[in-house]
1. In terms of the Cα gyration tensor, with a ≥ b ≥ c the square roots of its eigenvalues, is segment 115-165 rounded because a/c is under 1.5, prolate because a/b exceeds b/c, or oblate?
2. Once you have a ≥ b ≥ c as the square roots of the Cα gyration tensor eigenvalues for the chain, tell me rounded if a/c is under 1.5, and otherwise prolate or oblate according to whether a/b is larger than b/c.
3. Calculate the spin-label point distance for residue 162 paired with residue 144, positioning each point 7 Å from the Cα along the beta-carbon direction, and give it in nanometres.
4. Using the number of other C-beta atoms within 10 angstrom as an exposure proxy, rank 156, 46 with the fewest first.
5. Would you mind calculating the gained length between residue 183 and residue 84 on full extension (0.36 nm times residue separation, minus the Cα-Cα distance), in nm to one decimal?
6. When a/c reaches 1.5 or more, the comparison of a/b and b/c decides; with that in mind, is segment 46-151 rounded, prolate or oblate per its Cα gyration tensor?
7. Could you tell me how many degrees, from 0 to 90 and to the nearest 10, lie between the Cα long axis of helix 97-109 and the main elongation axis, the longest principal axis, of the Cα atoms of the chain?
8. Quote to one decimal, in nm, the extra length available between residue 151 and residue 50 on full extension: 0.36 nm per residue of separation minus the C-alpha distance between them.
């Protein structure tokens, strides 16, 4: 009876779309994630970045708004979509692997010594893969609950942090990242599947 009572720890539903005895669903946890970088800097191995990530903001899409003025009212429509900048906080390691990779990426975007710019975006843009994990590790291979692939990434700024005699905290780098597009892929069906569109039913 004690275990059965836990199935009632949820919101009672008026429909039958979900089992009444299902209880609460397990949430994704904020600390179970992995961030992978592709074509970041010039060194072939970027796993040190992955291991030193502290926080990573999830993508945030927004839409431009179009307002049509009609007689006594206004009608709102969505315009072009855009992706807001995100930030990634990385611990700066004593060996210097993180600082080296970040410096390589900055140098790809702009040669500070020669004051020379890259010829095109393809010369310096990179790809980020953000994966939400289930907590598996070691002998238990982690399962990916959801993934975000961000394309056309570039650094718009880097904050190297402050030295402080009164603090015992590690030095951290904050990467400000802008990207062109992102694709969300969960497990199973739902978000990320082909929604489709019925032609000839456009409302006026």
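1. In terms of gyration-tensor shape, oblate.
2. On the way: a/c = 2.22, a/b = 1.27, b/c = 1.75.
Taking the square roots of the gyration eigenvalues as a ≥ b ≥ c, the chain is oblate.
3. With each label placed 7 Å out from Cα toward Cβ, I get 3.9 nm.
4. On the way: 156 10, 46 19.
Taking fewest neighbouring Cβ atoms as first place, the list is 156, 46.
5. Working: separation 99, 0.36 × 99 = 35.64 nm, distance 1.42 nm.
So the extension gain works out to 34.2 nm.
6. oblate
7. 90 degrees
8. Working: separation 101, 0.36 × 101 = 36.36 nm, distance 1.73 nm.
My answer for the length gained is 34.6 nm.
Values in this text are rule-based calculations from the coordinates and carry no lab data. Nothing here was measured: the structure is a model prediction, and the numbers come from that model. Using ideal geometry, Cβ is built from the backbone for each residue, glycine included, and neighbour counts are taken over all protein chains shown.
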